[in-house]
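Taking it in order: structure first as C-alpha cells, then the write-up.
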Amino acid sequence: MSSFVSWVPTPLEHIDPFFELAPVSSSDVVYDLGSGDGRLLFAALEKGAGRAVGVELNPDHAKTASGKAIEKGLQGKVTFLQADVMDVNLSEATLVFCYLITAASVALKPKFEAELKPGTRVVMESFPVPGWKPVETKTREYKTFYLYRMPPEPGGAETVASEYPDAGYYDYLGY
Ligand SMILES: C[S@@+](CC[C@H](N)C(=O)[O-])C[C@H]1O[C@@H](n2cnc3c(N)ncnc32)[C@H](O)[C@@H]1O
C-alpha cells in the first residue's frame, strides 16, 4: 500500500475532541495510524495514557517525531515505527486514532475487525468507517470525529465516498 495522504496535521484546537470522545488512562496503549509529527500521541501521554505507538510511512516525519520524543524524555513511552499502517499488527492497541482519508477507512476496516480486541476504541477524524455505527460523534467547525468501540454495531453510511469529502476535503483545507 502506498501513501493514503500527505501530512496534514490535526490543528491544535482539534486535538481535544479525540480525548472528549475517548478519555485515556495509564492502562491505555494508543496507536496513531499515520502519526505525522506525533502530536496526537504526545497529547495522549500528557493526558495520562500508558504507552503510545505511531505508525508513519514518511521517514522524515517518523524521524522528526522520534526526535521530539527524545527531547521530551518520552523514549520509553512512545515508539514511532516507520511503516505502512497496513503492515503493522494492531492487536495490542486499546485506543486507535486515525486521520487519513476515505480510502484508508475502507482498507483498514477488515484489519480493525480482525485485529482489534473487544472494547478497543477507534476515533476517526473526518473519515468514518463505512458500515460501522459510531457510538458518539463530535463536531468542531467543518470537521466531525467518530468514536467506535469494538466490536462495532453495523450502521452508518456504507458508501461514504460520495457523502463525505475526500481529496476535495484537503483541497478545501488548502493542502
Ligand atoms: C492527515 S496526516 C495526520 C497526521 C497526524 N495523525 C495528525 O493528526 O496530526 C496523515 C499522515 O499519515 C501518513 N500516511 C499516509 N499514508 C500512510 C500509510 N499507508 N502508512 C503510514 N502512514 C501513512 C502521512 O505521511 C501523514 O503524516
### Query
Short version: ³J(HN,Hα) in whole Hz for each residue of segment 4-20, in order, from phi by Karplus 6.51 cos²θ - 1.76 cosθ + 1.60 (θ = phi - 60°), x for Gly and Pro, what are they?
6, 6, 7, 6, 10, x, 5, x, 4, 6, 9, 7, 4, x, 4, 8, 5
### Query
Over the chain, what relative contact order in percent results from Cα pairs under 8 Å that are six or more residues apart?
20 percent
### Query
So, in nm, how far is label residue 47 from label residue 91 when the simple model puts each one 7 Å beyond its Cα toward the Cβ?
2.8 nm
### Listed residue pairs exceeding 26 Å between alpha carbons, taken from 47/138; 72/109; 72/143; 68/133; 117/138; 72/117
72/109; 72/143; 68/133; 72/117
### Rounded to whole Hz, the Karplus (6.51, -1.76, 1.60) HN-Hα couplings of segment 116-128, x for glycine and proline
7, 6, x, x, 5, 9, 10, 10, 9, 8, 6, 10, x
### Task
Would you grab the residues whose amide H sits under 5 Å from the one on residue 133? Only those 5+ places off in sequence or on another chain, please, with H modelled 1.01 Å from N.
153, 155
### Task
Per DSSP H run of n ≥ 4, the term is -39500 (n - 2.57); total these for the chain, divide by its residue number, and report the mean residue ellipticity at 222 nm rounded to 500 deg cm²/dmol.
-8000 deg cm²/dmol
### Summary
Taking only C-alpha positions in the chain, Rg and Dmax in angstrom work out to 14.9, 44
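None of the figures in this text is laboratory data; all of them are computed from the coordinates on show. All values derive from a computational prediction rather than experimental measurement. Note: ideal-geometry Cβ built from the backbone for every residue, glycine included; neighbour counts use all protein chains shown.
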